[in-house]
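Working notes, beginning with the structure itself.
The values are calculated or read from the model by the stated rules, or taken from the named source; none is laboratory data. Quantities reported herein were computed from a predicted structural model and do not represent experimental measurements. Glycine also receives a Cβ, built like all others from the backbone with ideal geometry; neighbour counts cover every protein chain displayed.
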Amino acid sequence: MSLARIGLAAGFLFSVAPVRAEEIVPLAGCYARLYDAAWLKAHPGQIVRRVTLSVTKTAVPRTPGETQPILADATLAMWSGQTSFSTVGACYWERVGLACNAALSAEERRLCKTKEDGVRDCRLSMTDSGSFALTQKPEGLLVTVRERLELLGPMDRASFLYLSPSNAENHAFLLQPVPEANCK
């Protein structure tokens, strides 16, 4: 192949418009994990029994001048016992994965006196529900509590599930890709 043809081919490749960042949805998909009896017996302090996560392109429009645009929405659900708790995270790209700020619930409750992990009928903060990170690993997708995390329970109970990054049994969850129907 002549040098002119190589140059022409290279010019064509580099003239194609790049994909816009807001069109890319990192880690998009449905993920889940159900912890079996053997796992839970080996981890008696773990209060989360099941986790589902759906990552989709965000519907939030980009704000001009925004330095960390929201790329994805992450619907995170966790079960403690038979009760499900959930939040929707607004996620932006950070170093090696997505950082997601949990949605703030409008549910009015008194402030908690304890900051321990568990199911509560009170709130740790009225202005911040915490955050979580999503990181691709060879074994699956790792969900990690970053600061702390508040997930809202069923509205008829007005309860919350709190998780902290300092609790080794309840701060990181390795999920596997599953069919989208498992996240509905």
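Some points to look at:
- Residue list for the stretch 143-155, restricted to those being free of Cβ contacts under 8 Å to residues at least 40 places away in the same chain and either buried (at least 22 other Cβ atoms within 10 Å of the Cβ) or within 10 Å of the chain's Cα centre (by Cα) (or both): THR144, VAL145, ARG148
- Filtered residues of the stretch 57-68 (kept if in contact with an Asp or Glu (Cβ under 8 Å, 6 or more places away or on another chain) and surrounded by fewer than 17 Cβ atoms within 10 Å (Cβ to Cβ)): LYS57, ALA59, VAL60, ARG62, GLN68
- On the stretch given as the stretch 113-134, residues that are out of contact with any Ser or Thr (no Cβ under 7 Å at 6 or more places or on another chain) and under 25 Å from GLY29 (Cβ atoms) total 3.
- Members of the stretch 45-66 that are within 25 Å of SER84 (Cα to Cα) and in contact (Cβ under 8 Å) with a residue 40 or more places away in the chain: GLY45, GLN46, ILE47, VAL48, VAL51, THR52, LEU53, SER54, VAL55
- The stretch 143-178, subset out of contact with any strand residue (DSSP E or B) (no Cβ under 7 Å at 6 or more places or on another chain) and among the acidic types (Asp, Glu), residue modelled with the highest pLDDT: GLU169
- Scanning the stretch 116-145 for residues that are out of contact with any Phe, Trp or Tyr (no Cβ under 6 Å at 6 or more places or on another chain) and basic (Lys, Arg) yields ARG123, LYS137.
- For the stretch 47-102, a residue qualifies if it is of a type in the set (D, E, K, R) and at positive phi, and exactly one does: ARG95.
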